[in-house]
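So the structure is just underneath, and the comments pick up after that.
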Amino acid sequence: MQKILIAWLLVAACSSAQQPRGPSDGVRKLGIESYVTRATIAHLEIDGLDAQGQVLAKLELTVGPFVMKEDDRGAVDGRQLKVTVLGKTTTHESEGRDPLDLPMPSNPGIATVLGDPPVAAMFEGWDVRFAPGDATVTDPSQLPEEPYSDSCSSGPFNSLSSTPFVGCGSCTHQPGPSCPEFISCMQFDRGGGEVGEFRCCPDAGVLASRTCTSPFSTSSCGATGKNGCATCWTASLSDSTCFVTTGIGGTCTAKWCGF
């Protein structure tokens, strides 16, 4: 009976809702006034709420078995992360449980929330860190209130830069089955033996940001597959408009319509 009681108390403690330190000023500019987190042994969920209690941001991390399409890996044990802020979503899947150092997503709202110290501290407890580098993050106060008139019907292009990494050139690694056909792909040197990659995959409906080392090895974005790469983030495309070009100083820049 004592063992059962102790086990029940541990589960109750792990699954309880928590109230971390309040959002930073940058996050408050997005309308988020408080965080509420829920955690179990295999799942972390963080909600960013406005003053009325409406959810403006939802961050979900799940650790355990799932079916991974990248490189036909099938059933794996690893992490799945989904981040939605103000209606914009980006996702990550990786095999294994080694510490991750993911590049910061390009969306300024998502980047602002993930970079907020109380949020970052929660994810660090799960061995997930977000390192600025691949993303061009802007001040959230500069987020447009009205859509711009541009090539995207829904507003301006989304943009992702490899800054500060340079050496932009053609991709040399093979795509996985999750991106069988691609219309644009360029890579850059991330240092430490890693190659970064931006790949437009209209058939799959995503822009993929990957890091590549060697087959069945490790990387900052998780274990690599048979093609030597691990996907850091995917962003949804709203249409086939997606391209990667060489930017200022030899950086790679991806632009796309979507989320």
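The values are calculated or read from the model by the stated rules, or taken from the named source; none is laboratory data. Since the structure is predicted, the reported quantities are computational estimates derived from the model, not experimental observations. Glycine gets a Cβ as well: all are built from the backbone with ideal geometry, and neighbour counts include every protein chain shown.
Just to be sure I understand, how many residues within region 68-93 are surrounded by 16 or more Cβ atoms within 10 Å (Cβ to Cβ) and farther than 26 Å from Tyr35 by Cα?
5
Against the conditions (1) under 22 Å from Val206 (Cβ atoms); (2) loosely packed, with under 15 Cβ neighbours inside 10 Å; (3) at pLDDT 95 or above, where does Ala131 fall short? Just the number, please.
Result: Ala131 fails condition (3) only.
Go through the residues of region 98-105 one by one and say whether even a single one is touching a helix residue (DSSP H, G or I) at 6+ places or on another chain (Cβ under 7 Å) and surrounded by 13 or more Cβ atoms within 10 Å (Cβ to Cβ).
Within region 98-105 (the criterion being touching a helix residue (DSSP H, G or I) at 6+ places or on another chain (Cβ under 7 Å) and surrounded by 13 or more Cβ atoms within 10 Å (Cβ to Cβ)), the answer is yes, since at least one residue qualifies.
Give me the pairs: first residue in region 171-187 and hydroxyl-bearing (Ser, Thr, Tyr) and modelled with pLDDT under 90, second residue in a loop (DSSP other than H, G, I, E, B) and surrounded by 21 or more Cβ atoms within 10 Å (Cβ to Cβ), beta-carbon distance under 6 Å, and six or more apart or on different chains, which are they?
That search, which allows pairs on different chains as well, returns Ser178/Ala204.
Go through region 43-67 and report how many residues are of a type in the set (A, V, I, L, M), within 26 Å of Asn158 (Cα to Cα) and crowded, with 17+ Cβ neighbours inside 10 Å.
Step one: list which residues in region 43-67 are of a type in the set (A, V, I, L, M), which gives 44, 46, 49, 51, 55-57, 59, 61, 63, 67.
Cutting the leftovers down to within 26 Å of Asn158 (Cα to Cα) gives us 46, 49, 55-57, 59, 61.
When the remaining residues are screened for being crowded, with 17+ Cβ neighbours inside 10 Å, the result is 46, 49, 56-57, 59, 61.
Number satisfying all stated conditions: 6.
Condition first: surrounded by fewer than 11 Cβ atoms within 10 Å (Cβ to Cβ) and modelled with pLDDT of 75 or more. Now tell me which residues in region 139-170 satisfy that.
Of everything in region 139-170, just one residue is surrounded by fewer than 11 Cβ atoms within 10 Å (Cβ to Cβ) and modelled with pLDDT of 75 or more, namely Ser170.
Of (1) assigned to a strand (DSSP E or B); (2) under 17 Å from Met104 (Cα atoms); (3) small (Gly, Ala, Ser), Ser220 satisfies all except one. Which?
With respect to (1) assigned to a strand (DSSP E or B); (2) under 17 Å from Met104 (Cα atoms); (3) small (Gly, Ala, Ser), Ser220 is out only on (1).
Does Ser219 satisfy being crowded, with 20+ Cβ neighbours inside 10 Å, at pLDDT 90 or above and hydroxyl-bearing (Ser, Thr, Tyr)?
Yes, satisfied.
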